[in-house]
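J.: This is the structure I want to talk about, given as structure tokens.
The values are calculated or read from the model by the stated rules, or taken from the named source; none is laboratory data. These figures come from a predicted structure and were not determined experimentally. Cβ placement follows ideal geometry from the backbone for every residue including glycine, while neighbour counts extend to all protein chains displayed.
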Amino acid sequence: MRHRSSFWTYVAVLAPLPACYSSGGAGDDDGTDGPRDEAAEVAPDDARGDDAATDDAAPDTASCSIPQHWVRTTLAIDRLEDASDGAVTVGQTARVLAWVDVGPPGCLEPGRIDVASDPAAHIATIVVEGWSNEDAVAGACPPGEPTAMFVALPGLTAGTWTVMDGSAGPAGDPATMTLEILPCDAGCGCLGPAHTIPAGGECTWDCECAPHLQCIGYYTIAGTTARTCRLTCNDDRDCPRREICTSWDDGPSAICEGLGESRCTPTGSCEPGYGCDCGDGEGIPCICAPMMPADGGPCCRDEDCAPGQDCVQPEPEGTAFCAVRCTGDGGCPHGSFCAGSGTPLSGLCLTYE
């Protein structure tokens, strides 16, 4: 069993300063400074700015004359739709579609999805986190196409629920919908051992599924309804390693599925920042896995970071640094996890301590 420490650190720790930051004065020869990267020390005048530092103090975002940082934001939900494929009873997982405008790639992209429920009020709120890089377009990101994101709602009690956007909504009026959860009169819950059915197995109740899986309903080609233990996703990063986000013609949509064949070869074929991971045993599919270095110092732009990392500024007045953005553990380098919602570093890969 994997344990998380109560103390989290960045996946990336301080690294040599990127070139867009000013370094110490060229005349420093007192021998107190360690070795420096020559390319980082000699920066063009127009990149240093008028207020270039004259000492070796740790830089901050003010040292960057033309910043391009990914800043955490909240994506307003345009509308909500029921995606449960059949009636949902207490003890089963409901699903909805949240339509959000994610904008063009490279400017406004989705992050983690946070769900909270209030059984007393029968209200469930959905917050879709995002990352904005408006610096890249010198202003507000242009409108994009609305994108549907699947959201799982497990553990709802019987009754009529109001599902709503946890943000203010696109016009100050959050999107809402109603969702009916039926009561269970007999034979409810797990009558046998709990949490034993693996991914893909037929189920009736969430408690029958292996940990982290939910009993997802779907319409079959024959027109009937069925349920299977699955994990809801919107892209591969939401899934465990060696699984992809896919949909079945005769099965549920937007669920994680294990790879049946390799996606790369040990000699290459992966994008920069990724390596071909073939696991520890025979017959395990090879996948392109994040292989980012364990350094991620302050930055000015994405170009200052290692391949696979971005220059992020999680807090409005905070320092920008190189890190790996994520929506689930599957998008993080080995030995790290994706920080959950409600933390200052939500949506970033952190190392275990």
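J.: When you check Cys190 against the structure, is it farther than 25 Å from Arg112 by Cα and either modelled with pLDDT under 90 or out of contact with any Pro (no Cβ under 9 Å at 6 or more places or on another chain) (or both), yes or no? Steps first, please.
T.: Numbers: farther than 25 Å from Arg112 by Cα: yes; either modelled with pLDDT under 90 or out of contact with any Pro (no Cβ under 9 Å at 6 or more places or on another chain) (or both): yes.
Considered against the rule, which asks whether it is farther than 25 Å from Arg112 by Cα and either modelled with pLDDT under 90 or out of contact with any Pro (no Cβ under 9 Å at 6 or more places or on another chain) (or both), Cys190 comes out as yes.
J.: Please note which strands (runs of 3 or more DSSP E) are completely contained in the range 152-259 and include at least 1 residues that are of a type in the set (D, E, K, R).
T.: Strands (runs of 3 or more DSSP E) meeting the threshold: 159-165, 176-182, 225-230, 243-246, 255-258.
J.: Still on this structure, please answer the following. So which of Ala152, Ala158, Ala186, Ala124 is without any contact (Cβ under 8 Å) to a residue 40 or more places away in the chain and of a type in the set (A, V, I, L, M)? Step through it out loud before you land on a result.
T.: Values: Ala152 fails: without any contact (Cβ under 8 Å) to a residue 40 or more places away in the chain; Ala158 fails: without any contact (Cβ under 8 Å) to a residue 40 or more places away in the chain; Ala124 fails: without any contact (Cβ under 8 Å) to a residue 40 or more places away in the chain.
One residue alone meets the criteria, Ala186.
Conditions tested, residue by residue: (1) charged (D, E, K, R); (2) in the same structural domain as Gly130 (by TED's automatic domain parsing); (3) at pLDDT below 80.
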position	(1), (2), (3)
Gly273	no, no, yes
Gly283	no, no, yes
Cys299	no, no, no
Arg325	yes, no, no
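J.: Among the residues in the range 124-137, are any buried (at least 21 other Cβ atoms within 10 Å of the Cβ), in a strand (DSSP E or B) and at pLDDT 95 or above?
T.: yes
J.: In addition: Test Cys311 against the criterion of being at pLDDT below 90, touching a Phe, Trp or Tyr at 6+ places or on another chain (Cβ under 9 Å), closer than 19 Å to Gly111 by Cβ and surrounded by 17 or more Cβ atoms within 10 Å (Cβ to Cβ), and give yes or no.
T.: Numbers: at pLDDT below 90: no; touching a Phe, Trp or Tyr at 6+ places or on another chain (Cβ under 9 Å): yes; closer than 19 Å to Gly111 by Cβ: yes; surrounded by 17 or more Cβ atoms within 10 Å (Cβ to Cβ): yes.
In short, no.
J.: Could I ask something else about it? Looking only at the range 302-333, count every residue that is part of a strand (DSSP E or B) and of a type outside the set (A, V, I, L, M) and tell me the total.
T.: Narrowing the range 302-333 to residues part of a strand (DSSP E or B): 310-313, 321-323, 325.
Now narrow it down to the ones that are of a type outside the set (A, V, I, L, M): 310-311, 313, 321-322, 325.
Total meeting the criteria: 6.
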